[in-house]
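Notes follow the structure.
The values are calculated or read from the model by the stated rules, or taken from the named source; none is laboratory data. On a predicted model such as this, the values are computed, not experimentally measured, just so you know. Glycine gets a Cβ as well: all are built from the backbone with ideal geometry, and neighbour counts include every protein chain shown.
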Amino acid sequence: MEPAVVLLLAGVAAVAGLGGAFASGLLRWPADWKLPATFTALSLPGSRPAAPAVEQAAPAAPATADFHLTGAPQAFRDFLAATPDGVARFEALKAFLTAQGVGDVLPAWQLLQVETTAEATRCAIAQFAFPPDAQWPQIVPVLQIVRERIVPAVGPVRILSGYRTPEGNACAQGAEGSAHTRFAALDLQAVNPVPQAEMFATLCRSWYETPAERGFGLGAYYTRTAPDMNAEGRFHVDGLGRRTWGHSYEAWTSHCRELRYITAQSPEQKKAAEDARKKAEDEARARAAEDARVRAAAASGAAPESAGDAAAEPRRVIIAPVGQTPAPAQEPSAGEPATPPPGPDSPAQPGG
């Protein structure tokens, strides 16, 4: 047999023997030996399908931002870091507000804002301060009023002044004994400003319509004849009693007192009130004319004319000071307590 044929047959036999050895388990692949990736990617007839690639876990979603730090400036974070147990006290305040059901009304950092940045800089006072823990419950009814009466009326609001230290209250020119110093009041500003006349009319309407037992106190710092006195549209809210006041902290200066017509009245009630007002004015003019006629007759020495056949009765003439015409008395509108006249005895409102 030719040598080439012998070599070929020997090679075939060797290959066949090697395959049989592997088949019988006499020989095994090295444990750490793997086929190249190009071979493992092949799909040969009868071979097992490759195992699906293991999917990598999706990255965890970022944690939800802390609502109570929304919009907080770096100055507030510095304040927490510089205050002993500042972070722990802030966490405790947040937990308290949440437990009272008012944790979603306004960010807690704003509650600790003594005054706006400009005022704090002008007075060189601390911009933020923690109220005593015992005062925390007093802010709860205020936040309830903000959620239920203020936001539905004027939309979202921000706090311009929350808890005030005595120095902060003096800086803000607040009333003596201000509710801010007891953590029982907020000075607010509408986030989406509207004309002030419209905004304060809406606030006053909400105040009139709120039941007295809610204790809604409203500082309506708007004067129709001097609207620039409160360019930022600031107003005060507390829960210490149903009352309202204006720039002087007196009830009679409240813008709401100027707007009694906005109380809920039917068209018939409004017409009756207008008719009564006109009648009172007509009667006052008639009395003034009659008094003038009697004075003129007395000055000329002539006897006053009689009315018809009846004898004329002497009249008592009251002469008012020149330039002063007494206005007709008006009854307070329905559902509203009478407003005491301004004077030295008018009590100052402790809310500003």
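For this structure, a couple of remarks:
- Given (1) farther than 20 Å from G215 by Cα; (2) out of contact with any His (no Cβ under 8 Å at 6 or more places or on another chain), index of the condition R164 fails: (2)
- Helices (runs of 4 or more DSSP H) wholly inside the stretch 67-151 containing at least 1 residues that are within 19 Å of H236 (Cα to Cα) and either without any contact (Cβ under 8 Å) to a residue 12 or more places away in the chain or under 18 Å from the mean Cα position of the chain (by Cα) (or both): 108-111, 117-123, 140-145
- Test: G71 is surrounded by fewer than 12 Cβ atoms within 10 Å (Cβ to Cβ), on the phi > 0 side of the Ramachandran plot, at pLDDT 50 or above and not hydroxyl-bearing (S, T, Y): yes
- If the condition is being among the acidic types (D, E) and modelled with pLDDT under 95, then the stretch 188-242 contributes E198, E209, E213, D228, E232.
- In summary, G162 fulfils each of the numbered conditions (1) out of contact with any strand residue (DSSP E or B) (no Cβ under 7 Å at 6 or more places or on another chain); (2) buried (at least 21 other Cβ atoms within 10 Å of the Cβ) with the single exception of condition (1).
- Some residue of the stretch 311-327 being closer than 30 Å to W207 by Cα and at pLDDT below 50: yes
- Test: residue in the stretch 121-135 that is touching an Asp or Glu at 6+ places or on another chain (Cβ under 9 Å), under 22 Å from R243 (Cβ atoms) and polar (S, T, N, Q): no
- Residues located in the stretch 184-199, provided they are in contact with a Lys or Arg (Cβ under 9 Å, 6 or more places away or on another chain) and not small (G, A, S): D187, L188, Q189, V191
- Criterion violated by G233 - all others in (1) in contact with a strand residue (DSSP E or B) (Cβ under 7 Å, 6 or more places away or on another chain); (2) surrounded by fewer than 12 Cβ atoms within 10 Å (Cβ to Cβ) satisfied: (2)
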